[in-house]
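To start, the structure itself, in structure tokens.
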Amino acid sequence: MAAQLNLQSQTVRFWLFILIILICISLGQFFHIDFEQYKAFLLKFPLWLSGLIFVVLYVVLTILVWVGPNDFFRITGAAIFGPYISTVFIYVAEMIQAIIFFHLSRKLGRGFVEEKFRKKEKNLEMVKSHSGYLGIFALRINPFIPYRFLDLAYGLTKVPFRKYFTVALLASAPRILWLQFILAGIGLSIIKDPKALLQTMLDYLLTNYNALLFSELYLLFVAVVSLLAVVAKVLGKRKKRIK
């Protein structure tokens, strides 16, 4: 009876978790901030205070609204503060978000997963085997995998928060710097025509040698780390079979 009540409780938490996700996604269609007003507002203050305001707005709005704000703040941050200072501000904001989303997922979702799959421990162990330091690093540095997805997904696993957060601290900086470097060069044209993002980035890279070289080195690093993570996983499986 106690086990059944516990499962029901975890199920309620899990569906509350799903409801929060759906609400945050749906709020994206109402999100709009005028860049000129936003810029004028931030430039009223000294750099340290405008940076603090930027980080607070980034964290609060991108927690409540999941479609739109991240890109807006990254683009406008690059335009207002430049690639390097905006990298620092966004890095701090993303680390705060990692803490929030990881624990949100763990508190509301993990209990349900454990209860539902407690008889399938092999499935959970398989997820855990893909969650070594190198594996997490490879996913976190990959520019095609959203941070929010990783924060929520690892919150559902048995990976300790300290382990995930330590890797996030190391892997996030180069990825954010690369993106802010590109966005600072592209400018605000992306906001006017978001659908042309890839073409705009391609045009910029083909006409800017430093940006192209930086991108090539970064993507090469991502590829090498990903390959090492795959090799490490394969070798780890072989060792287990031998034992």
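Only one entry of F89, F73 meets the criterion of being in a helix (DSSP H, G or I), at pLDDT 85 or above and buried (at least 18 other Cβ atoms within 10 Å of the Cβ), and that entry is F89. For F181, the conditions (1) closer than 30 Å to L49 by Cβ; (2) at pLDDT 80 or above; (3) surrounded by fewer than 19 Cβ atoms within 10 Å (Cβ to Cβ) all hold with the exception of (3). Residues that are under 19 Å from the mean Cα position of the chain (by Cα), under 21 Å from I96 (Cα atoms), at pLDDT 70 or above and surrounded by 14 or more Cβ atoms within 10 Å (Cβ to Cβ) do not occur anywhere in the range 20-39.
Yes or no: F214 modelled with pLDDT under 95, aromatic (F, W, Y), loosely packed, with under 13 Cβ neighbours inside 10 Å and assigned to a helix (DSSP H, G or I)? Working first, answer last.
Values: modelled with pLDDT under 95: yes; aromatic (F, W, Y): yes; loosely packed, with under 13 Cβ neighbours inside 10 Å: no; assigned to a helix (DSSP H, G or I): yes.
Considered against the rule, which asks whether it is modelled with pLDDT under 95, aromatic (F, W, Y), loosely packed, with under 13 Cβ neighbours inside 10 Å and assigned to a helix (DSSP H, G or I), F214 comes out as no.
Suppose the filter is more than 25 Å from L213 (Cα to Cα) and at pLDDT 90 or above; does F112 pass it? No.
Right, Y209: modelled with pLDDT of 80 or more and either surrounded by fewer than 15 Cβ atoms within 10 Å (Cβ to Cβ) or of a type outside the set (S, T, Y) (or both) or not? Taking the combined requirement at face value, the residue satisfies it.
With respect to being hydroxyl-bearing (S, T, Y), part of a helix (DSSP H, G or I), under 27 Å from L235 (Cα atoms) and at pLDDT 90 or above, Y154 falls outside the description.
The values are calculated or read from the model by the stated rules, or taken from the named source; none is laboratory data. Keep in mind that what you see is a predicted model, and the values were worked out from it rather than measured. Methodologically, a virtual Cβ is constructed for each residue, glycine included, from the backbone with ideal geometry; neighbour enumeration extends over all protein chains shown.
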